[in-house]
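Enquirer: Sharing a structure, written as structure tokens. Questions coming.
The values are calculated or read from the model by the stated rules, or taken from the named source; none is laboratory data. For clarity, every value in this text was computed on a predicted model and none was experimentally measured. Glycine gets a Cβ as well: all are built from the backbone with ideal geometry, and neighbour counts include every protein chain shown. Only protein heavy atoms, including side chains, enter the accessible area calculation; ligands, DNA and RNA are left aside. Shrake-Rupley method; radii C 1.70, N 1.55, O 1.52, S 1.80 Å.
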Amino acid sequence: MSRLGNLGARLYRGEVGYDFIGKRKIWYGISILITITAIVGLAVSGLNMGIEFKGGAVFTTPKTSVSVDKAEELASTSSGHQAIVQKLGNGGLRIQITEVDTSKSDEIKGDLAKGLDVSEEKIAADLVGPSWGEQIANKAWTGLGVFMVLVVIYLAIAFEWRMAIAALVALIHDITITVGIYALVGFEVTPGTVIGLLTILGYSLYDTVVVFDSLKEGSKGITKQTRWTYSEIANRSINGTLVRSINTTIVALLPVAGLLFIGGGVLGAGMLNDISLALFVGLAAGAYSSIFIATPLVADLKEREPQMKALKKRVLAKRAAAAAKGEPSEAELSDQEHNGAAEDAAPAGAVVGQRQEPPRGHGRTPGKRR
């Protein structure tokens, strides 16, 4: 078994673990700091809305020897607005200018023909109205609202209302951070960005539900035992699914990172940046929130219940009594049982199907068979 697989098995059995719940105030503080930074960036810088939302003109030129920087300077000077220029595979240019009407578009087209030394008839000009982007934005907000409501209803039925609230907080946390990063970086917001934002919601929710399902199973009949408090069971649930969360996050981030850093950065395919940045930030934030925000928040809400408060008091009292007598607590005994089971397991070099001889001193006593 690989080291990561062995670690995952030990985490699942509760033999090792990290106290995520006990240090939840640290994670809350980090999330609050990141969220405030994102909100400030959004308020100060604002979003760089694309042409689909502002309206404007897109010019496509034939093959030209003029550089992208020169064409960008020419288009910006002619229009009075910042132009975005991209090199096409056929050697032509795609020039995008926001807030341009029909009369101004014809004027810019003529200036581009002279500056790029191409025929004006060979430059294709397309006008984009802001109403189309506004319709997309409105439908996206509507879809987001419906999605949030359905998520809360489903989680409240499948799990409980505390988990529904925690999942909702985690989703809002992920969206806020992703939108704030967009504002700070200055990437253009396009319909692809909206698609990316809606996509990360499903991933974030999936990762959170995996932990919640483990927590639901682990907390069955919790008030009938005195080994662990609810927070400790929640912490065991996080550790038990930790390696799975890490693996799924890495696998999901690798192709998105390729789009963002190689496709958008190295190869200069700027159109990939809009959706890849939303996916990259959102996937990372979703994995973080499912571990460090959603489950600790459920534990906080659950520990406020009278039953959980009474359970915690019984558990701590029993541990204190065991410590006074110099005896191990039930939780320590459980861990020792897990460790003993791991030590008695078959050796790593054992072949599947091979008969294992029992250790000396165990099994049937030597002597006459009956």
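Enquirer: Within region 150-160, is even one residue under 30 Å from residue 52 (Cβ atoms) and either open to solvent by less than 20 Å² (accessible area, probe 1.4 Å) or not hydroxyl-bearing (Ser, Thr, Tyr) (or both)? It would help to see each step written out before you state the result.
Expert: Narrowing region 150-160 to residues under 30 Å from residue 52 (Cβ atoms): 150-151.
Still in the list and also either open to solvent by less than 20 Å² (accessible area, probe 1.4 Å) or not hydroxyl-bearing (Ser, Thr, Tyr) (or both): 150-151.
The answer is yes; a qualifying residue exists.
Enquirer: Scan 341, 346, 350, 331 and give me the residue that is of a type in the set (A, V, I, L, M, F, W, C), modelled with pLDDT under 85 and open to solvent by 70 Å² or more (accessible area, probe 1.4 Å).
Expert: 346
Enquirer: Which of (1) modelled with pLDDT of 50 or more; (2) among the basic types (Lys, Arg); (3) loosely packed, with under 13 Cβ neighbours inside 10 Å is the odd one out, the single condition residue 369 does not satisfy?
Expert: Exception for residue 369: condition (1).
Enquirer: Please tell me if residue 68 is surrounded by fewer than 19 Cβ atoms within 10 Å (Cβ to Cβ), modelled with pLDDT of 85 or more and over 22 Å from the mean Cα position of the chain (by Cα). Full working, then the answer.
Expert: On the way: surrounded by fewer than 19 Cβ atoms within 10 Å (Cβ to Cβ): yes; modelled with pLDDT of 85 or more: no; over 22 Å from the mean Cα position of the chain (by Cα): yes.
In short, no.
Enquirer: Which one of these is touching a Pro at 6+ places or on another chain (Cβ under 9 Å) and surrounded by 17 or more Cβ atoms within 10 Å (Cβ to Cβ): 113, 166, 183?
Expert: 166
Enquirer: Consider residue 247 against the criteria (1) assigned to a helix (DSSP H, G or I); (2) touching an Asp or Glu at 6+ places or on another chain (Cβ under 9 Å): it satisfies all of them except one. Which criterion is unmet?
Expert: Of everything listed in (1) assigned to a helix (DSSP H, G or I); (2) touching an Asp or Glu at 6+ places or on another chain (Cβ under 9 Å), residue 247 misses just condition (2).
Enquirer: Now, a different point. Given the structure, is residue 259 hydrophobic (A, V, I, L, M, F, W, C), open to solvent by 40 Å² or more (accessible area, probe 1.4 Å), over 12 Å from the mean Cα position of the chain (by Cα) and modelled with pLDDT under 85? Full working, then the answer.
Expert: On the way: hydrophobic (A, V, I, L, M, F, W, C): yes; open to solvent by 40 Å² or more (accessible area, probe 1.4 Å): yes; over 12 Å from the mean Cα position of the chain (by Cα): yes; modelled with pLDDT under 85: yes.
For residue 259, the condition - hydrophobic (A, V, I, L, M, F, W, C), open to solvent by 40 Å² or more (accessible area, probe 1.4 Å), over 12 Å from the mean Cα position of the chain (by Cα) and modelled with pLDDT under 85 - is met.
Enquirer: Related question: Determine which member of the set 201, 171, 197 is of a type outside the set (Gly, Ala, Ser), more than 30 Å from residue 56 (Cβ to Cβ) and crowded, with 18+ Cβ neighbours inside 10 Å. Walk me through it before giving the result.
Expert: Working: 201 fails: more than 30 Å from residue 56 (Cβ to Cβ); 197 fails: more than 30 Å from residue 56 (Cβ to Cβ).
It is 171.
Enquirer: For region 20-40, how many residues are open to solvent by less than 40 Å² (accessible area, probe 1.4 Å) and either touching a Pro at 6+ places or on another chain (Cβ under 8 Å) or not hydrophobic (A, V, I, L, M, F, W, C) (or both)?
Expert: Initial filter on region 20-40 (open to solvent by less than 40 Å² (accessible area, probe 1.4 Å)): 20-21, 27, 29, 31, 35, 38.
From what is left, the residues that are either touching a Pro at 6+ places or on another chain (Cβ under 8 Å) or not hydrophobic (A, V, I, L, M, F, W, C) (or both) are 20-21, 27, 29, 31, 35.
The total comes to 6.
Enquirer: Find all pairs meeting these conditions: Cβ atoms under 8 angstrom apart; at least six residues apart or on different chains; first residue within region 178-197 and at pLDDT below 85; second residue β-branched (Val, Ile, Thr) and not in a helix (DSSP H, G or I).
Expert: 188/84
Enquirer: All but one of (1) at pLDDT 85 or above; (2) farther than 26 Å from residue 168 by Cα hold for residue 271; state the number of the condition that does not hold.
Expert: Of (1) at pLDDT 85 or above; (2) farther than 26 Å from residue 168 by Cα, only one is false for residue 271: (1).
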